[in-house]
Amino acid sequence: MKAALAACAALLLALPAFAEEPPVPRLFRGIAMDKGQWRMELLGGERDGRPVPGGMPAVTVCTDNLLKSRDKPDRGRADCKYRLLKDTAEEAVMESDCPDGTGRVSMARESATSLLMHAEQKGKRGASSMKMRYTYEGACREGQGAMSFDKESEACKQMRAQAANMDPAAACANAGAQRAQCEARMRAAAEQMGAMCR
């Protein structure tokens, strides 16, 4: 589930980054891609011909926070080439060609604030396909994490239970000289999980 969510988030984040390869598709004009929150729903998918298990909860991405990671040196894919194959106000198709595989993203405007996307990838890890809906929901909330779930969702119930059982002192008791760093990482992880369910 985490891998699928990361892929969805990466896809949304990557779209404005295409501005230097092909330009941002006309489909996105008038939509604040770099500010605010987007609700992502996985509508279906498959990996290597097998359906992706269902029941994945919708996730909300706060692009204000997600974009902060863009300046990290390990994030870029300068080795990829992008082509905009279709560019209208209602539809766009982009292809990527990277050393580890190729991809195609087809997008269509569903309404003034929602988009439908179909992402396909082929490469060393096999083939995958995902269909998603992105809905713009306005400004991010105070204290919202880069990715968050509905606070009453099953995912949040599980994360709250996991965070309640995290005891940095006990978990890091055998860390020796690294104990302070270990405890800080544990506290940061618990805080991050809490931010995902606000």
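The values are calculated or read from the model by the stated rules, or taken from the named source; none is laboratory data. Remember, predicted model here, so these are calculated numbers, not experimental data. Ideal geometry is used to build each Cβ from the backbone, glycine not excepted, and the neighbour counts take in all protein chains shown.
Is there a residue being touching a residue at least 60 places away in the same chain (Cβ under 8 Å) and touching a Ser or Thr at 6+ places or on another chain (Cβ under 6 Å) anywhere in segment 143-150? Break it down stepwise before answering.
If we filter segment 143-150 for residues that are touching a residue at least 60 places away in the same chain (Cβ under 8 Å), which is where we start, we get 144-150.
From the residues that got through so far, the ones that are touching a Ser or Thr at 6+ places or on another chain (Cβ under 6 Å) too are 148.
Checked segment 143-150: at least one residue is touching a residue at least 60 places away in the same chain (Cβ under 8 Å) and touching a Ser or Thr at 6+ places or on another chain (Cβ under 6 Å).
Here's the yes/no breakdown for (1) at pLDDT 80 or above; (2) under 21 Å from GLY36 (Cα atoms); (3) outside the structural domain of VAL24 (by TED's automatic domain parsing):
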site	(1), (2), (3)
LEU115	yes, yes, no
HIS118	yes, no, no
GLN121	yes, no, no
LYS131	yes, no, no
GLU142	no, yes, yes
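Select from segment 105-120 the residues that are crowded, with 18+ Cβ neighbours inside 10 Å and touching a His at 6+ places or on another chain (Cβ under 9 Å) and write down the one among them that is nearest to THR135 (Cα to Cα).
MET107
Filter segment 78-92 down to the residues that are assigned to a strand (DSSP E or B) and either surrounded by fewer than 17 Cβ atoms within 10 Å (Cβ to Cβ) or among the charged types (D, E, K, R) (or both) and list them by number.
So the first thing to find is which residues in segment 78-92 are assigned to a strand (DSSP E or B), and the list is 81-87, 91-92.
Hits for segment 78-92 are LYS81, ARG83, LEU84, LEU85, LYS86, ASP87, GLU91.
Just a yes or no: is a residue in segment 160-171 hydrophobic (A, V, I, L, M, F, W, C), within 29 Å of GLY44 (Cβ to Cβ) and part of a loop (DSSP other than H, G, I, E, B)?
For segment 160-171, residues hydrophobic (A, V, I, L, M, F, W, C), within 29 Å of GLY44 (Cβ to Cβ) and part of a loop (DSSP other than H, G, I, E, B): absent.
So which of SER96, SER106 is free of Cβ contacts under 8 Å to residues at least 24 places away in the same chain, among the polar types (S, T, N, Q) and in contact with a Phe, Trp or Tyr (Cβ under 7 Å, 6 or more places away or on another chain)?
Working: SER106 fails: in contact with a Phe, Trp or Tyr (Cβ under 7 Å, 6 or more places away or on another chain).
Residue meeting the stated conditions: SER96.
Let me confirm something: among SER106, SER153, SER148, SER96, which residue is on the phi < 0 side of the Ramachandran plot, within 20 Å of the chain's Cα centre (by Cα), of a type in the set (Gly, Ala, Ser) and at pLDDT 90 or above?
On the way: SER153 fails: at pLDDT 90 or above; SER148 fails: at pLDDT 90 or above; SER96 fails: at pLDDT 90 or above.
Exactly one of SER106, SER153, SER148, SER96 is on the phi < 0 side of the Ramachandran plot, within 20 Å of the chain's Cα centre (by Cα), of a type in the set (Gly, Ala, Ser) and at pLDDT 90 or above, namely SER106.
Can you give me the number of residues within segment 103-157 that are of a type in the set (Ser, Thr, Tyr), assigned to a loop (DSSP other than H, G, I, E, B) and over 25 Å from MET196 (Cα atoms)? Let's see the steps before the verdict.
Filtering segment 103-157 down to residues of a type in the set (Ser, Thr, Tyr) leaves 106, 111, 113-114, 128-129, 134-136, 148, 153.
Next, only the ones that are assigned to a loop (DSSP other than H, G, I, E, B) stay: 111, 113, 153.
Retained after the next criterion (residues that are over 25 Å from MET196 (Cα atoms)): 111.
Residues flagged as of a type in the set (Ser, Thr, Tyr), assigned to a loop (DSSP other than H, G, I, E, B) and over 25 Å from MET196 (Cα atoms) within segment 103-157 amount to 1.
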